[in-house]
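First up is the structure itself, then whatever we jot down about it.
The values are calculated or read from the model by the stated rules, or taken from the named source; none is laboratory data. Quick caveat: nothing in here was measured; it's all calculated off a predicted structure. Using ideal geometry, Cβ is built from the backbone for each residue, glycine included, and neighbour counts are taken over all protein chains shown.
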Amino acid sequence: MVRKGLRHSRVYEARQLYDIYSILGIPTNKKLIVCPLPQHPHHNNTPSFSISMKDGHQHFHCFGACGASGDVIDLIGYLQISNYDSLNGEHVRRALEILSAGYKISPPARAPRTPALPNDIWETFVPPGAEVLEYAKMRGLKPETLKKFMVGQSGMFGKTWMTMPAFHFGRLQGIKMRNVHAVHVRDRYASMEGSINGLFNLNGIYYSPDPILIVKGEIAAMLLDQYGFLVCAPTAGESTACAELLPHMIWSSRRILVADNDPDPKVRRMMDEYAVKRAEMLRAEIKRPPEQYKDIDDFLLAEPKLALAAVEGWLK
């Protein structure tokens with residue numbers, strides 16, 4: 001539902017950070033409960049209030065007499081505001097204020113996908129061979145950085161891949177692979193079978209109160225980490241939703257999403273749209289290198305002092 005006069009990002013954030021089950025104090029396995037809303041005529045104890053996922057967020061609906069429905073913001077509105085109207089912008093603002101001021105952040109529990117990779121499979125690819133070491137050097141990465149991020153080398157499918165594992169609290173989420181001899185954009189990256197989407201360098205930024213950078217790829221993340229910045233990279237493509245990552249970085253004082261300057265106007269427009277959506281999901285500001293550089297990696301390699309000063313300025 002679009003709320004007039006209210007920033008959509010605030011609505012989106014609240015939907016992701018507050019759990020209807022937690023607010024109502026009921027077990028997450030309850031499919032139906034007696035409607036708790038004050039406008040419901042409580043003449044019996046027939047369960048009619050259900051909670052489900054809809055359009056990526058929790059949604060409630062009463063199948064009984066009151067017929068109310070909505071998201072977590074509407075729930076607070078109905079519970080706390082007399083004659084609450086979900087289409088009234090002022091009512092929604094008040095409900096958001098009550099929610100954020102009076103309830104502890106408790107992201108809705110989601111059934112997590114489980115990686116199908118053995119947790120130690122990354123070890124079979126380290127240390128990286130000469131081809132990956134040479135490629136990494138060309139990209140500005142030092143051997144100690146490769147070791148820190150457990151980068152390896154694979155010869156799958158007759159190609160030479162730089163393997164870059166992503167971990168969530170010690171559990172291997174997946175392995176992104178970069179073809180070091182790629183000649184076409186479609187041949188550059190692959191994910192090892194059994195991988196699921198995650199956040200590269202999650203352990204480096206988890207619950208940090210400091211500003212963090214969100215970049216497009218693992219190589220850029222490693223390069224910026226090498227310079228001492230707090231940085232992470234969603235492992236999914238730019239067009240993929242990554243709202244589930246927000247709770248991991250919600251305590252950071254600022255989040256900067258670093259976008260690219262693709263030379264192809266058509267691709268640029270599409271990438272910019274993806275960047276805006278991802279920034280909205282993660283409540284981040286968008287920054288980008290000067291137009292003459294395609295991405296932050298190019299900027300850092302060409303003019304390191306100027307690039308570092310620019311990045312530091314973004315984070316202030």
Members of the range 5-20 that are surrounded by fewer than 18 Cβ atoms within 10 Å (Cβ to Cβ) and either at pLDDT 90 or above or touching a Lys or Arg at 6+ places or on another chain (Cβ under 7 Å) (or both): Leu6, Ser9
The listed residue being surrounded by fewer than 17 Cβ atoms within 10 Å (Cβ to Cβ), under 26 Å from Ala130 (Cβ atoms) and basic (Lys, Arg), out of Arg188, Arg178: Arg188
Which of the numbered conditions does Ser191 fail, given that it passes all the others? Conditions: (1) out of contact with any Lys or Arg (no Cβ under 6 Å at 6 or more places or on another chain); (2) under 27 Å from Leu246 (Cα atoms). (1)
Within the range 17-76, the count of residues that are over 33 Å from the mean Cα position of the chain (by Cα) and of a type in the set (Gly, Ala, Ser) comes to 4
Looking at Thr163, Thr240, Thr235 in this structure, which one is polar (S, T, N, Q), out of contact with any Ser or Thr (no Cβ under 8 Å at 6 or more places or on another chain) and touching a residue at least 12 places away in the same chain (Cβ under 8 Å)? Thr240
When the range 193-205 is checked residue by residue, the ones that are at pLDDT 90 or above, crowded, with 17+ Cβ neighbours inside 10 Å, in contact with a helix residue (DSSP H, G or I) (Cβ under 9 Å, 6 or more places away or on another chain) and not in a helix (DSSP H, G or I) are Gly198, Leu199, Phe200, Asn201
Between residues in the range 128-155 that are without any contact (Cβ under 8 Å) to a residue 12 or more places away in the chain and residues that are loosely packed, with under 13 Cβ neighbours inside 10 Å, which pairs lie under 8 Å by C-beta distance while being six or more apart or on different chains? none
Return yes when Arg269 is out of contact with any helix residue (DSSP H, G or I) (no Cβ under 8 Å at 6 or more places or on another chain), without any contact (Cβ under 8 Å) to a residue 60 or more places away in the chain and among the basic types (Lys, Arg) and no when it is not. yes
Taking Ile105 as meeting all but one of (1) more than 30 Å from Glu303 (Cβ to Cβ); (2) aliphatic (A, V, I, L, M); (3) modelled with pLDDT of 95 or more, write down the number of the exception. (3)
Note: among Ala236, Ala220, just one is touching an Asp or Glu at 6+ places or on another chain (Cβ under 6 Å) and not hydroxyl-bearing (Ser, Thr, Tyr), namely Ala220
Is there any pair with a first residue in the range 84-96 that is surrounded by fewer than 17 Cβ atoms within 10 Å (Cβ to Cβ) and a second that is basic (Lys, Arg) whose Cβ atoms are under 8 Å apart and which are 6 or more apart or on different chains, and what are they? Leu87/Arg3; Leu87/Lys4; Gly89/Arg3; Gly89/Lys4
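So that you can scan it fast, the table gives a plain yes or no per residue for (1) over 21 Å from Gln16 (Cα atoms); (2) of a type in the set (Ser, Thr, Tyr):
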{"position": "Met249", "(1), (2)": "no, no"}
{"position": "Ala259", "(1), (2)": "yes, no"}
{"position": "Asp272", "(1), (2)": "yes, no"}
{"position": "Leu282", "(1), (2)": "no, no"}
{"position": "Tyr293", "(1), (2)": "yes, yes"}
{"position": "Leu300", "(1), (2)": "yes, no"}
{"position": "Leu306", "(1), (2)": "yes, no"}
{"position": "Trp314", "(1), (2)": "yes, no"}
Counting just the residues of the range 83-121 that are outside any helix (DSSP H, G or I) and polar (S, T, N, Q), which one comes out farthest from Leu172 (Cα to Cα)? Asn83
